[in-house]
Amino acid sequence: MVENAGYVSDDDFARELRMASQAAEMATARAAAAAASRRPILIGSIVGAGIFISPAGVLRHSGSVGAALTIWFATGLVEAVGALCYIELGLLLPEHGGDFTYLLRAFGPLHPFLGALPAFLQCWLDVNVSNPAGTAVLALTFAQYSVRPWYGSHCPPPAGLEPLLASLIVLTLTAANCIGVHWSTRLQNVSTAAKMTAMAIIVAVGVYSLSQGNVQYLATGFEGTTSSSSEMIAALLTCNWAYAGSKTLNEMSEELKDPPRTLPLSILGSLPLISAFYVLVNAAYLTVLSPQQMLASPAVAFLFAERAFRPAAFLMPLGVAVSVLGALNSMILANSRVHFAVARQGHHMHVFSLVHVRWLTPVPALVFQAVVVCAMVFVGDAEALLRLSSFVSAFFNVMVVASLFVLRRTMPDANRPYRVHTLLAVSRLLFSAYLLVGPIVDHPRTEYLYSVAMLLLGLAVYTPFVYKGWSWPLLERCTVGLQKALELLPTEY
């Protein structure tokens, strides 16, 4: 660990962490910068690759068409409540953004040792579990939609081909981001256009199919809905990943005009609209495909295109692959900066805070991230990794909503332009706690146990290496060796 590894809270780190987590969303927002309303920015930040990844998983775990469609809409409403909690926190601390700052400001003053622990655990799980798992999901999805057109829906590709392609694209994008990031915005703009076009085509085909009377699969309703709470939680976690990015405007609050009015209106106007759109996309799938066909295909949009417009079926997976490629690049870019920012505060190994002398990019953070992502690609499937990322996000949500109540007690007289209703905040806290505790108690899957193990490891790391600031001489020598081999220097040089 870095020599001055005491737990420090400063404006630079909060700003760096916010900028890192916002890199992907800001690239999309620039493409819509000409729009006067903030609603398109929020929609563009949330609507991503999740709608192409999650439908089969939600349907599989929920057990019925009606339950799956209900979960898609209900999750959007729950995320809207969570976004309102973030609005209160963002307007209370408008100069700082991100979960780390909220947790540190809420719990830090309460105890010299335990107070900073929640903020550290948030960083620890974010950089070592949640972010790599989400990136691995995108890489596997890109591989699936890139490979399937060559083999068709009835001929599975050779075993290991998709993980290999996923790893290769991660390494390629990592190398490109090591050299520079100037091309990232163009890729993001192209991927956003591909994403919106693909979804518009799906909805249009679904409307046409409905007009032809193809409602036999939708008519099954709630028949076969699961009675298992663990399966229902798995469906909620799978769906929840598709709504990532709902706190984007909250973290941009200081850049908005009249944020006390703009933020609540944007959230309340956007998330229900996105929920309805997600329901339409899933309903469109079910006007062409049977539930059994959806469950049997890892690339639902390709199978949909193959059934809906056979000669041009390859265009749909091509559009999805380009869309996912842009999202994957954004995650690699943004998540490496989180590694970098956390390491600069002494909460990660010092080598990750170094940059290349000519490229000025955090090469060690990028390389380490690529290694972790590739390992996850080969040891886990996309659905399990998706549940893993969403499970850790539920842990973050519990802590952040809890910090809201703590700040109400410790800062009772602070200016709060917006205050979410206590019942709504409590409901969000209970829902997140249910997603966090329920899977472990009812059906402890491997990915949930891995998250708990990483949490316990974080507890073991915190005391000696962060709170007390211990360092290993061998680790310091390795850092110096890497500096010489890779031409790395601290940012102040």
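Structure values in brief
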quantity	calculated
Qualifying residues in region 460-477 (those that are modelled with pLDDT of 75 or more and within 14 Å of Ala343 (Cβ to Cβ)) - the one surrounded by the fewest Cβ atoms within 10 Å (Cβ to Cβ)	Val461
Boolean, Glu223 is in a loop (DSSP other than H, G, I, E, B), under 21 Å from Phe73 (Cβ atoms) and modelled with pLDDT of 80 or more	yes
Which numbered condition Arg387 misses (of (1) among the basic types (Lys, Arg); (2) more than 30 Å from Leu171 (Cβ to Cβ); (3) buried (at least 19 other Cβ atoms within 10 Å of the Cβ))	(2)
Positions within region 291-312 being open to solvent by 10 Å² or more (accessible area, probe 1.4 Å) and assigned to a loop (DSSP other than H, G, I, E, B), in sequence order	Ser297, Pro298, Phe309, Arg310, Pro311, Ala312
Region 363-384, residues that are free of Cβ contacts under 8 Å to residues at least 40 places away in the same chain and surrounded by 19 or more Cβ atoms within 10 Å (Cβ to Cβ)	Ala365, Phe368
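For (1) modelled with pLDDT of 85 or more; (2) open to solvent by less than 10 Å² (accessible area, probe 1.4 Å); (3) among the hydrophobic types (A, V, I, L, M, F, W, C), each residue gets a yes or a no:
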{"residue": "Gly115", "(1), (2), (3)": "yes, yes, no"}
{"residue": "Pro118", "(1), (2), (3)": "yes, no, no"}
{"residue": "Val127", "(1), (2), (3)": "no, yes, yes"}
{"residue": "Tyr145", "(1), (2), (3)": "no, yes, no"}
{"residue": "Trp150", "(1), (2), (3)": "no, no, yes"}
{"residue": "Ala159", "(1), (2), (3)": "no, no, yes"}
{"residue": "Leu168", "(1), (2), (3)": "yes, no, yes"}
{"residue": "Thr172", "(1), (2), (3)": "yes, no, no"}
{"residue": "Asn177", "(1), (2), (3)": "no, yes, no"}
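The values are calculated or read from the model by the stated rules, or taken from the named source; none is laboratory data. Quantities reported herein were computed from a predicted structural model and do not represent experimental measurements. Because the Cβ atoms are built from the backbone with ideal geometry, glycine has one as well, and the counts that use them run over all protein chains shown. These area figures cover heavy atoms from the full protein model, side chains too; ligands, DNA and RNA do not enter into them. Shrake-Rupley method; radii C 1.70, N 1.55, O 1.52, S 1.80 Å.
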